[in-house]
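Structure record follows, encoded as structure tokens.
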Amino acid sequence: MRLSYSVNLIFELSNSQSRLPYANVPVAEPIEDRTLKPLTMRFLIPAIGGCNCGRLRYRITREPLTAYICHCHLCQKRTGSAFSMSVVCRVDSFHLEKGEPVNTFRILANGSKNYSSVCADCHSRLCTRQDGSPTINVRAGTLDDTSRIRPVGQIWTSSAQPWAIMQEDGILSYSKQPDDFRPFIEAWKAAYQA
């Protein structure tokens, strides 16, 4: 009887926009491309991380180049969340210390391949690397200590969930894919060395 009441209540709420407490909340418009005042942070090296089950473990031995959030629909689908956060490192600074990932790939719009390293057991995606790139994008959530990393930018805000757009000062924001990531690298250097 109680279950039936709960199901009916959920059905009634889902069919009545006027009863939903958030039905009339205005949707935020994506913010314009911008640069605001600098952030400050410290990223400790070496940084250690791994997959959810512990089968794969890695170490980052040099300071990352940058960190950013991607709000594109593909990242939303691939993560099952509102965005993906990447820590961009030089390939030679990322060292897999335990386990062997499954490597998958997808074809990008320009025809190149983007490889993902995934745990075969828990399916955590540790990192991605575009074919021939000198950098690797480590998924920030796979770090053991995520408290010391803050993104300096966000991309694809035009497809972001309105509540997920970072609006704090110092965040570079782009409505689409930027042609040049040098501002992200410079913002990271400024934030890290402040």
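Considering all different alpha carbon pairs of segment 87-194, the Kirkwood hydrodynamic radius works out to 15.8 Å. Computed on segment 32-170, with alpha-carbon pairs under 8 angstrom and 6+ residues apart, the relative contact order is 31 percent. Using a ≥ b ≥ c from the Cα gyration tensor of segment 73-149 (square roots of the eigenvalues), is it rounded, prolate or oblate, where a/c under 1.5 gives rounded and otherwise the larger of a/b and b/c decides, a/b for prolate? Because its axes are fairly even, with a/c under 1.5, segment 73-149 counts as rounded. Accessible surface for residue 83 stands near 70 Å², nearest 10, in the context of the full protein assembly shown (1.4 Å probe).
Once the chain from residue 182 to residue 133 is taken as fully extended at 0.36 nm per residue, the excess over their C-alpha distance is 16.1 nm. Please give the net charge around residue 60, taking every other residue with its beta carbon less than 13 angstrom from that of residue 60, where Lys and Arg add +1 and Asp and Glu add -1. Charge balance in the 13 Å sphere: +1.
First select every other residue whose beta carbon is under 12 angstrom from the beta carbon of residue 98; then total the charges, Lys and Arg +1, Asp and Glu -1.
Numbers: positive: 55, 57, 59; negative: 97, 100.
For residues surrounding residue 98, the net value is +1.
Take the Cα of residue 48, step 7 Å toward its Cβ, do the same at residue 97, and the gap between the two points is 0.5 nm.
Using the scaling law 2.2 N^0.38 Å as the reference, what is the normalised Cα Rg of segment 134-194?
Working: Rg = 12.5 Å, N = 61, 2.2 N^0.38 = 10.5 Å.
My calculation over the Cα atoms of segment 134-194 gives 1.19.
Peptide packing: for 59-65, 91-97, the average count of neighbouring Cβ atoms within 10 Å per residue gives the ranking 59-65, 91-97, highest mean first.
Probe radius 1.4 Å, ligands and nucleic acids left out: which of 189, 77 has the largest accessible area, and how do the rest follow?
Values: 189 90, 77 170 Å².
These residues rank, largest area first, as 77, 189.
For residue 44, the solvent-accessible surface computed with a 1.4 Å probe is close to 100 Å², ligands and nucleic acids excluded.
The values are calculated or read from the model by the stated rules, or taken from the named source; none is laboratory data. If you're wondering where the values come from, they're calculated on a predicted model, not measured in any experiment. Glycine gets a Cβ as well: all are built from the backbone with ideal geometry, and neighbour counts include every protein chain shown. Surface accessibility is based on the protein's heavy atoms, side chains included, excluding ligands, DNA and RNA. Shrake-Rupley method; radii C 1.70, N 1.55, O 1.52, S 1.80 Å.
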